[in-house]
Amino acid sequence: MTRIQAIDPAVATGKARTLLDAVKTKMGIVPNLTRVLANAPAALEGYLNFSGALAGGGLDSKVREQIALTVAQANLCDYCLSAHTLIGGKVGLSKDDIQAARAAISTTPRTDAILKLARAIVVNRGELTDPDLRAARHAGLGDSEIVETIANVALNIFTNYLNHAAQTVIDFPKVESGLTHAHSCDTGACSTKS
């Protein structure tokens, strides 16, 4: 049961309604996450604008979905794991790609470096070490890709944390982090969940 009310688009008014209508036009559905965000139209608008801006960046949709999966697993966010597993499949990620991304792994060296950087950002709360940055640069990532990775992580942490606080009802085929009472950054889980 959600702890923050999900706004019904049919009864939403003003800016919230306009934004939820835009989500439905783009996605064909209005996910519960955006309904929860609609409680604060400025937050929903910020989320949509940030997401839209990053979609026009240098990281393609597959890599952005892999980052989302890495971050969701690290934060044990079942809502985002569920959403990004479905979306990842729609942008061309295989089941193996999706599972690997949850563990911050990719068979593509550049993407692997991005996912390891993303997980390090989560684990270290943004305090990247010199070796973290050296490893990213050694794999060929430039400052632009490093900054975009940080931006994508921040966007996904926002949704993970909102889903934790709200206990957003999962409205995608359910995927679970698979970890309870766990704390193991080696498996991609970097927080404790009871």
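Quick note: the coordinates plus some simple rules give every number you see, no bench work behind them. In this text the structure is predicted, and so the values were computed from the model without any measurement. Here Cβ is always computed from backbone atoms with ideal geometry, including for glycine, and neighbour counts include all displayed protein chains.
How much mean residue ellipticity at 222 nm does the chain get from its helices, if each DSSP H run of length 4 or more adds -39500 (n - 2.57) and you divide by all residues, to the nearest 500 deg cm²/dmol? Provide the component values of the computation, followed by the final result.
Details: 9 runs with 118 residues, N = 194.
Calculated from helices alone, the mean residue ellipticity at 222 nm is -19500 deg cm²/dmol.
Can you tell me the FRET efficiency between Glu127 and Asn39 if r is taken as the Cβ-Cβ distance and R0 is 30 Å, rounded to the nearest 0.05? Mind showing how you got there, number by number?
Details: r = 31 Å, r/R0 = 1.05.
Using R0 = 30 Å, I get an efficiency of 0.45.
Please give the Cα centre distance for segment 114-185 versus segment 59-74, rounded to the nearest Å.
8
With a Cα-only, solvent-free Debye model of the chain, what are the log10 I(q)/I(0) values at q = 0.08, 0.12, 0.17 Å⁻¹?
The Cα Debye sum returns log10 ratios of -0.25, -0.57, -1.12.
Can you tell me the FRET efficiency between Arg134 and Ala55 if r is taken as the Cβ-Cβ distance and R0 is 45 Å, rounded to the nearest 0.05? Present the calculation step by step, with values, prior to reporting the outcome.
Numbers: r = 29 Å, r/R0 = 0.65.
Efficiency computed from Cβ-Cβ geometry: 0.95.
Assuming R0 = 25 Å, can you tell me the calculated FRET efficiency for the pair Asp21 and Ser94, based on Cβ-Cβ distance, to the nearest 0.05? Mind dumping the intermediate values first?
On the way: r = 34 Å, r/R0 = 1.34.
The value I calculate is 0.15.
Once phi is turned into θ = phi - 60°, what whole-Hz ³J(HN,Hα) does the Karplus curve with 6.51, -1.76 and 1.60 give for every residue of segment 130-143, x standing for Gly and Pro?
Those phi angles translate into 4, x, 4, 5, 4, 4, 5, 5, 4, 7, x, 7, x, 4 Hz.
List the lysines whose Cα sits under 19 Å from the Cα of Lys26, skipping any in the same chain fewer than 8 residues away.
Answer for Lys26, where 19 Å is the Cα cut-off: Lys15, Lys62, Lys90, listed by chain and number.
Take peptides 144-157, 48-61 and line them up by average Cβ neighbours within 10 Å, highest first, as a rough protection proxy.
Final packing ranking: 144-157, 48-61.
Out of every Cα pair in segment 9-83, what percent are spaced more than 21 Å from each other? If you can, show how the numbers build up before the last one.
Values: 913 of 2775 pairs.
Value for segment 9-83 (Cα pairs over 21 Å): 33 percent.
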